[in-house]
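The values are calculated or read from the model by the stated rules, or taken from the named source; none is laboratory data. On a predicted model such as this, the values are computed, not experimentally measured, just so you know. Here Cβ is always computed from backbone atoms with ideal geometry, including for glycine, and neighbour counts include all displayed protein chains. Just the protein is used for accessible areas: all its heavy atoms, side chains included, with ligands, DNA and RNA removed. Shrake-Rupley method; radii C 1.70, N 1.55, O 1.52, S 1.80 Å.
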Amino acid sequence: MNKKQEKQFKGQLAQYAAPPPDGQKKQRAIALAQMALKESVVAKTPLLSLARSQARHVSKPLWLLQLAAVLATWLFSKGFADMRQVQSFIFIVVPILAFYTAPEFVKSRIYGMGELEMACKNSPAKIAAVKLLLIGTANIAAIAAIALILRSRYQADFATLLAYGFMPFNVINCATLSAMEIFKIKTSYALLSVSLIASLVFVFGSDAAPLLQNAVTGCSLGSAALLAMLLAFSIKRTSGRRDILIWN
Amino acid sequence: MELSLKHLTRKYGEKIAVDDFSAAFAPKVYGLLGANGAGKTTLMRLICDILKPTSGSITLDGVGISSLDESYREKLGYDPQRFGYYPDFTAESYMAYIAALKGIGGAAARNEARWLLEAVGLSDAAKRKIKTFSGGMQKRLGIAQAMLGDPAILILDEPTAGLDPKERVHFRNLISSFAPGKIVILSTHIVSDVEYIAAEIMMMRQGRLIRRGDARTITGIIADSVWEAVVAPDVAERASAGMTVGNIRHEGGAVRLRILSDKKPLDGAVRVEPNLEDLYLHYFEEAAESCAE
């Protein structure tokens, strides 16, 4: 409705004197309107809108670390003599993007938001799956970008570079999630420390990377399978609602 | 709308937190009163479908809440006892996050969040990080998020813990204006919270529902057992060691005692109208003693 139509509409309405409203009828009208409003609400939240809202609440460091890892690859992956050095470099750069992944995924448990999140409309399992989709996509995109940069500079096989990238990523996440379950980690600092240690093991152990050269496919697949199992376990725990059984 | 709990039991190993609890809730304000460890929080979690009962059932209008799933939680507002938040959250982003989890989006979420933050007196602190909030402010934010989406069932676990008297009054007024047409269940061990706003009071002890009704009805059981006496300080000292004394007030050189006793406890004692605090003392004296120990 434009301004002119609005004015015309208001003018027409002003021609009639409205009788004073009956209090009871007014309340009934309000109640009926509220009911109609409630019934008109879509019961299921569309996946896209859920993903968009969740993306807004993923910690900024996680996004920044993905960018940092790609940027570091772009800036510092020059002049390697052979594939061994490329591989070592991947083992240094991938832990940067992996460092914040597992802590971000399980942060509701660490910060005591789990109980409240479980009582909200969208189930914890649904939220966890959306988070996994978002964070996983960002991680895969960053690793793929790293592999593409290295491929363009060293003519290496893209799939092999991806496999080199996924191995440290999977292992760091496995280590962090396992430590959380085994040692019942409940603080963010402890969890980030575990993730940091796992990342540093790869950074400082990057010289040993060639040892895995021949077994890289097997190691990647194995670590991916292990990570998938751990994530499934983590989601199951969340949806199984066992993490907050606190005797009051 | 009727929320019905039938023979609800929840065990943690050998411990029974909620024991054969049956009750029906219609739209009004309920105050769940009990000592620490009475099973209130477990009951709240069961009602919110966060915990599964060991046995028994919870239904909304005859349908099990677990099978209602999202359509049940859509009607639910919950303020847990422990307030959790992510460290980077401001009050505003916290409300936006909860709104997203509740499936409320866009301008509706922003407007409602703004209105609720104003209602709990946090509009000036909307852009401040929650970690800088006092306990009372965090509690108020917890109440505001629970009311997001105008839920038909509002569950508040110890909502007034940490609030100062002025904030308490404000909270009571807020709940009273929100409550019409809704089921509001608030658990507390602070008697005055429920005395003012709850239309019906439920008392829990060791996981069981021991009494329910309005304040006048449920205090009827101790109608003849509450006394007041003004005595000398030494008598007051002896009395408080051997009797159930609800209140001690010094008045000049004398002491006014409020005593729970089936028979006249002291010479000059007069029978007075019981209140909820007396009833609480009557039921939870043992619990209070064990807490004190």
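A compact table of results
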item: Filter result (more than 10 Å from chain A (Cβ to nearest Cβ) and in contact with a Lys or Arg (Cβ under 7 Å, 6 or more places away or on another chain)) within the stretch B:36-79; result: B:L46, B:P53, B:T54, B:G56, B:S57
item: Qualifying residue in the stretch A:68-84 (condition: aliphatic (A, V, I, L, M) and within 12 Å of chain B (Cβ to nearest Cβ)); result: no
item: Hits in the stretch B:117-143 - residues which are in a helix (DSSP H, G or I) and either among the hydroxyl-bearing types (S, T, Y) or over 30 Å from B:G39 (Cβ atoms) (or both); result: B:L117, B:E118, B:A119, B:S123, B:D124, B:A125, B:K131, B:T132
item: Lone qualifier among A:G114, A:G136 - being under 22 Å from A:S178 (Cβ atoms) and in contact with a helix residue (DSSP H, G or I) (Cβ under 7 Å, 6 or more places away or on another chain); result: A:G114
item: Among the residues listed as B:L122, B:L163, B:L141, B:L116, the single one being within 13 Å of chain A (Cβ to nearest Cβ) and either open to solvent by less than 40 Å² (accessible area, probe 1.4 Å) or in contact with a helix residue (DSSP H, G or I) (Cβ under 8 Å, 6 or more places away or on another chain) (or both); result: B:L141
item: Residues of the stretch A:48-63 satisfying the condition of being part of a loop (DSSP other than H, G, I, E, B) and of a type outside the set (A, V, I, L, M, F, W, C); result: A:H57, A:S59
item: Where a residue in the stretch B:85-107 is more than 8 Å from every other protein chain (Cβ to nearest Cβ) and in contact (Cβ under 8 Å) with a residue 12 or more places away in the chain and its partner, wherever it lies, is open to solvent by less than 10 Å² (accessible area, probe 1.4 Å) and polar (S, T, N, Q), with Cβ under 8 Å and at least six apart; result: B:Y94/B:Q145; B:M95/B:Q145
item: Filter result (within 11 Å of B:Q145 (Cβ to Cβ) and in a helix (DSSP H, G or I)) within the stretch B:100-116; result: B:L101, B:E112, B:A113, B:L116
item: Within the stretch B:166-182, considering residues that are of a type in the set (G, A, S) and open to solvent by 50 Å² or more (accessible area, probe 1.4 Å), the one nearest to the chain's Cα centre (by Cα); result: B:S176
item: Residues satisfying the stated conditions in the stretch B:144-160, i.e. hydrophobic (A, V, I, L, M, F, W, C), within 11 Å of chain A (Cβ to nearest Cβ) and either assigned to a loop (DSSP other than H, G, I, E, B) or surrounded by fewer than 19 Cβ atoms within 10 Å (Cβ to Cβ) (or both); result: B:L148, B:A152
item: Residue within the stretch A:92-105 that is farther than 18 Å from A:L200 by Cα, part of a helix (DSSP H, G or I) and more than 12 Å from the chain's Cα centre (by Cα) present; result: no
item: Count - residues of the stretch B:265-276 that are open to solvent by 80 Å² or more (accessible area, probe 1.4 Å) and at pLDDT 85 or above; result: 3
item: Among the residues listed as A:I92, A:I110, A:I96, the single one being hydrophobic (A, V, I, L, M, F, W, C) and within 14 Å of chain B (Cβ to nearest Cβ); result: A:I110
item: Complete set of residues in the stretch A:118-160 that are in a loop (DSSP other than H, G, I, E, B) and within 14 Å of chain B (Cβ to nearest Cβ); result: A:A119, A:C120, A:K121, A:N122, A:S123
item: Tally of residues being outside any strand (DSSP E or B) and buried (at least 18 other Cβ atoms within 10 Å of the Cβ) across the stretch B:228-239; result: 2
item: Filter result for the condition that a residue is closer than 30 Å to B:A23 by Cα and surrounded by fewer than 19 Cβ atoms within 10 Å (Cβ to Cβ), over B:G220, B:G242, B:G252, B:G207; result: B:G220
item: Filtered residues of the stretch B:183-199 (kept if surrounded by 20 or more Cβ atoms within 10 Å (Cβ to Cβ) and either charged (D, E, K, R) or over 13 Å from the mean Cα position of the chain (by Cα) (or both)); result: B:I183, B:D193
item: Which listed residue is more than 12 Å from B:G207 (Cα to Cα), of a type in the set (D, E, K, R) and open to solvent by 10 Å² or more (accessible area, probe 1.4 Å), from B:K75, B:K11; result: B:K75
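Conditions (1) modelled with pLDDT under 80; (2) open to solvent by less than 20 Å² (accessible area, probe 1.4 Å); (3) over 19 Å from the mean Cα position of the chain (by Cα), marked per residue:
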residue: A:Y111; (1), (2), (3): no, no, no
residue: A:T137; (1), (2), (3): no, no, no
residue: A:L148; (1), (2), (3): no, no, yes
residue: A:S152; (1), (2), (3): no, no, yes
residue: A:T160; (1), (2), (3): no, no, yes
residue: A:N170; (1), (2), (3): no, yes, no
residue: A:L177; (1), (2), (3): yes, yes, no
residue: A:M180; (1), (2), (3): yes, yes, no
